[in-house]
Amino acid sequence: MTIEQTPSPATAPGPDPGPEAAREPAGDLVATVKATPPAPPAPPPDEEDRGEVHVLPFRLYLAVYGGLLGLTALTVGVSIAGLGRFAIAAALTVAVLKAGLVIAYFMHLKYDVTFYSLAFFSSLIFVGLFLGLTLVDMTTRASMNPEEETFYKRKEDQEKRDALQRAKRSPPPPPPDAGAGLPPASGRRP
């Protein structure tokens, strides 16, 4: 509803409005009320923005649970298999798959706003990037600084010296045949 104020017909320029307008005092404003049509209804929000509760079927939860148990068995299998240097990569891959199942279904990220998924996965990418750069730095540091290779050797040499020092301070062990041929001592003194 809008209210418009217009000058009264008595003060409006133009032809003479007649005797009825003359009864109105000069200079007053006449308020006219116009009914405006209601605003069109807002479009329904996207399915993602409704904030609805996602009730999933119980069998889906059981399937995800079974998948998690299977991946846990695979993790144990990887640790037993003796894959050598690939064991850590295989175990981390299985762990990422398990985390993905938990995040997608138990935390309902699969059914939430797409922005939340973007924020979560971009943070994972950056953490992986930072860890990867740190590992590259640690593995290539010896090629940049030749002394870096000898740090662990210095530690090994120091441990050997410490072991020799301890051996020198302790009393020498008795000879293997000392006391051979003597009768066993009894608990009494003669």
| request: Tell me, yes or no, whether region 72-85 has at least one residue that is touching a residue at least 24 places away in the same chain (Cβ under 8 Å), more than 24 Å from Ser123 (Cα to Cα) and either surrounded by fewer than 14 Cβ atoms within 10 Å (Cβ to Cβ) or outside the structural domain of Leu135 (by TED's automatic domain parsing) (or both). | output: yes
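Matching residues to (1) surrounded by fewer than 10 Cβ atoms within 10 Å (Cβ to Cβ); (2) aromatic (Phe, Trp, Tyr); (3) modelled with pLDDT under 65; (4) not assigned by TED's automatic domain parsing to the domain that holds Ala95:
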| site | (1), (2), (3), (4) |
| --- | --- |
| Val136 | no, no, no, yes |
| Pro146 | yes, no, no, yes |
| Pro171 | yes, no, no, yes |
| Pro174 | yes, no, no, yes |
| Ala178 | yes, no, yes, yes |
| Gly181 | yes, no, yes, yes |
| Pro190 | yes, no, yes, yes |
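The values are calculated or read from the model by the stated rules, or taken from the named source; none is laboratory data. The model shown is predicted, which means the values in this text are computed figures rather than measured ones. Using ideal geometry, Cβ is built from the backbone for each residue, glycine included, and neighbour counts are taken over all protein chains shown.
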